[in-house]
Each structure stands twice: as C-alpha cells, then as structure tokens.
Amino acid sequence: MTPDPITKGVLAGDPRAIARAISLVEDEQPAGVDVLRAVYPHTGRAYVVGITGPPGAGKSTLVDRLATEVRRDGKKVGVIAVDPTSPFTGGALLGDRVRMGGHSADAGVFIRSMATRGHLGGLARATGDVALILDAAGYEVIIIETIGVGQDEVDIVRTADISIVMLVPGTGDEVQALKAGIMEIADIFVVNKADREGADRLVESVTANLTLQTFAPGEWRPPVLKTVATGGEGVAELWARIGAFRAHSDDVGRVPLGNGARTRRERRQRERHEYRLRDLLSHRFLRHVEQSLGPGELERLVEQVASRQTDPYSAVTALLQRVMNTQA
Ligand SMILES: Nc1nc2c(ncn2[C@@H]2O[C@H](COP(=O)(O)OP(=O)(O)OP(=O)(O)O)[C@@H](O)[C@H]2O)c(=O)[nH]1
Ligand SMILES: [Mg+2]
C-alpha cells in the first residue's frame with residue numbers, strides 16, 4: 001500500500017488502514033510521516049484521556065469498563081495501552097487483549113498496545129502520533145493507559161486533555177506517586193480495588209494531601225473516587241466526572257489565560273503543541289547531526305573526552321559549528 005490509500009483508509013475509519021498507519025508511525029517510516037502530514041488537518045476533535053497507575057492497579061480492566069461507558073454515549077473510542085514489557089514476551093500484551101476482549105466485535109472500539117521497547121525517550125512522541133491517527137479516523141474519545149513509574153509516563157499523561165491517576169489500597173502507592181510527582185498531574189484520583197481492605201483510608205490520605213494544596217477560586221479540585229473495576233462499580237460516576245472536568249476546562253474563563261488560549265483546555269492543548277514541536281525539533285536536529293558525522297567520529301570524540309584531550313563542551317561546540325557550516 002502506498003501512503004495515499006492508507007491515508008484515505010484512515011480518514012474513512014478503516015481498521016486495517018489504521019493498524020497499518022500506526023505500524024508505519026511506530027517504526028518511524030517516512031511513509032508514516034506522510035500519513036501524519038496528510039491526516040493532520042482532520043485532527044483536533046478527539047478528547048484524550050490519560051490513565052496512569054502502578055503495575056497491576058487494574059488500569060486495563062478500568063479502561064475496558066470506561067470504553068463501555070463511552071460506547072453507551074454513542075461515541076467511538078480508541079485505546080492505546082502503553083505496555084512496559086518487551087514485545088517478545090508478549091505476556092502483558094496478551095493479558096490486555098483478554099481483558100479488553102469484550103469489545104473485539106465492536107468496530108467502534110479500537111485497541112492498540114504499544115511496547116516501550118524501541119521507543120526509549122520517544123514514547124510520548126510515538127503515543128501522540130498514534131493518538132493523531134485515531135483522532136483523524138474519527139475516534140471521539142482516546143484513552144491512553146500507561147504505567148506511572150517515570151518521567152516518560154508523566155509526559156504522556158500530561159499531554160492528555162485529562163489525567164487520571166489510579167491508586168490501590170495497601171500498596172503504599174500514594175507515597176510512590178508523591179515521589180514521582182504524579183500527584184500534581186492528577187485531574188481525578190481513582191482508588192481502585194475498593195473491594196479491598198484500606199480503600200477508605202487511602203481515599204482519606206489522598207484527600208488530606210489535597211487539602212495541603214491551594215486552589216484558586218473556580219479552579220478544578222481533583223475528586224477522589226472509588227472503583228471496583230472488575231465489577232464495574234464507580235465507573236459510571238468516573239465517566240460523569242470526566243464529563244464535568246471537560247465542561248470545566250471548556251468553560252471560557254474571565255481571566256486571560258495567556259498564550260492566546262480562551263479556555264483551560266485550549267491552554268493545555270497549546271502546551272501539548274509546544275511540547276510536540278520542541279520534541280520533534282530536538283529529535284530531528286539530533287538525527288541530522290548524527291547523520292552528518294563521519295564514520296567513527298563520535299567514538300573518537302568519546303575517546304578524546306575520556307582521555308581529557310578535550311572537554312565535552314568544546315567537542316559539542318566544534319561539532320555544532322561544523323554542522324552549521326555544512327548546512328550553509
Ligand atoms: N479485587 C479487585 N481486583 C481487580 C480490580 N480491578 C482489577 N483487578 C484485578 O487486578 C489484576 C490486574 O488488572 P489489570 O487491569 O491488568 O491491571 P493493569 O493496571 O492494567 O496492569 P498492568 O497493565 O500490567 O500494569 C487483574 O487480575 C484484575 O482482575 C478491582 O477493582 N478489585
Ligand atoms: Mg494494563
């Protein structure tokens with residue numbers, strides 16, 4: 001398939017074309033960039049929901065339930081599960097497929113797992129690109145599931161329209177989350193496995209933590225919700241709160257938000273665009289520099305820095321100067 005039929009297929013919502021486009025994008029194929037360029041004017045309609053939480057918190061189970069709520073509202077939903085395991089073991093991948101298998105016959109649900117491997121440092125970019133394709137394909141809600149362990153995951157969730165942080169009783173998650181800076185990115189907290197001992201205590205502890213933060217008048221205060229993802233309890237309430245947050249962030253505020261944004265959501269989207277531009281620029285620039293290096297040149301520089309013949313600062317300055325000159 002040449003990019004053109006793929007693009008057409010994506011815009012027509014054809015699942016095979018969508019899957020193909022995603023693979024091209026994931027593999028950083030030039031044809032993938034062509035598709036992204038072509039579909040870009042048709043994006044910007046989807047509402048992006050980011051869900052993060054520790055391993056085994058019940059994210060996939062909850063996402064599956066949420067997808068059902070979205071379908072009940074008559075909307076198409078795309079799910080991107082960022083999988084931390086190697087694509088070669090396939091364990092968790094298979095697990096996700098089983099847990100979200102209930103939607104396999106529904107064309108209004110598209111589920112894609114993305115392996116962390118091969119995307120080191122670029123996972124947020126790859127996830128964002130896949131979200132663009134699903135957006136262009138007409139998926140009105142896109143849910144991104146990621147394990148909340150590091151900066152990469154925080155970046156992914158931060159670039160969503162809403163960030164949901166999931167915690168589980170009895171695991172000390174909230175302490176971990178505090179350390180990783182995950183608490184600050186939450187628009188909604190979900191205490192899952194509420195059928196387990198200690199759920200109320202965890203709710204109290206998160207709520208107490210929130211009271212330490214100051215909120216400006218009219219600012220969104222993250223609610224702390226309880227769910228039992230396996231039984232579906234609390235999921236309708238979560239979907240309703242997502243709707244409330246959406247309404248809140250689409251509200252045209254009286255205070256100027258800067259950046260030319262009229263609503264909180266617009267401001268967030270602009271942050272997302274800026275992030276993407278900067279990320280893409282540094283990615284492309286680095287690749288350009290690497291391509292203009294002679295064979296073994298980087299290794300020689302490493303050797304010179306290691307043996308103190310030169311320092312890293314001078315080495316980089318010399319490299320940059322040369323790249324700029326060959327450009328001109
Ligand atoms: N008791 C109980 N178990 C749950 C609940 N939600 C999920 N589980 C179980 O927890 C296990 C992990 O669920 P997943 O949905 O795979 O969790 P996850 O966060 O997606 O896991 P990873 O993607 O591997 O990090 C499964 O065995 C679920 O059946 C819940 O509310 N209560
Ligand atoms: Mg999962």
Candidates Val190, Val224, filtered to the one that is among the hydrophobic types (A, V, I, L, M, F, W, C), touching a strand residue (DSSP E or B) at 6+ places or on another chain (Cβ under 7 Å) and touching a residue at least 40 places away in the same chain (Cβ under 8 Å):
Val190
Select the helices (runs of 4 or more DSSP H) contained entirely in region 1-75, then report the ones holding at least 2 residues which are in contact with a Gly (Cβ under 9 Å, 6 or more places away or on another chain).
3-11, 15-26, 59-72
Report, ordered by the first and then the second residue, all pairs with beta carbons closer than 7 Å, sequence separation of six or more or different chains, a first member in region 277-293 that is more than 20 Å from Val25 (Cβ to Cβ), and a second member that is in a helix (DSSP H, G or I).
Val289/Leu319; Val289/Val323; Ser292/Val323; Ser292/Thr326
Within region 22-71, which residues are polar (S, T, N, Q), in contact with an Asp or Glu (Cβ under 8 Å, 6 or more places away or on another chain) and within 16 Å of ligand 2 (Cβ to nearest atom)?
Thr52, Ser60
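Quick one: which of His248, His288 is more than 23 Å from the chain's Cα centre (by Cα) and assigned to a helix (DSSP H, G or I)?
Working: His248 fails: more than 23 Å from the chain's Cα centre (by Cα).
That would be His288, the only listed residue that is more than 23 Å from the chain's Cα centre (by Cα) and assigned to a helix (DSSP H, G or I).
If you go through region 34-67 one residue at a time, how many are within 14 Å of ligand 1 (Cβ to nearest atom), out of contact with any helix residue (DSSP H, G or I) (no Cβ under 8 Å at 6 or more places or on another chain) and at negative phi? Even if it seems obvious, please write down each step before you answer.
Here is the first cut: in region 34-67, the ones within 14 Å of ligand 1 (Cβ to nearest atom) are 50-67.
Pick out the ones that are also out of contact with any helix residue (DSSP H, G or I) (no Cβ under 8 Å at 6 or more places or on another chain) and you get 55-56, 58-59, 63.
Add one more test, that the residue is at negative phi, and what stays is 55, 59, 63.
The qualifying residues number 3.
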Go over the candidates Arg308, Arg284, Arg278, Arg264 one by one and state the one that is surrounded by 11 or more Cβ atoms within 10 Å (Cβ to Cβ) and of a type outside the set (Gly, Ala, Ser).
Arg264
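Values quoted throughout were computed directly from the atomic coordinates according to the rules given, and no laboratory measurement underlies them. Predicted model, so just to flag it, every value in this text is computed and none were measured. Don't worry about glycine lacking a Cβ; one is built from the backbone with ideal geometry, like all the others, and counts go over all protein chains shown.
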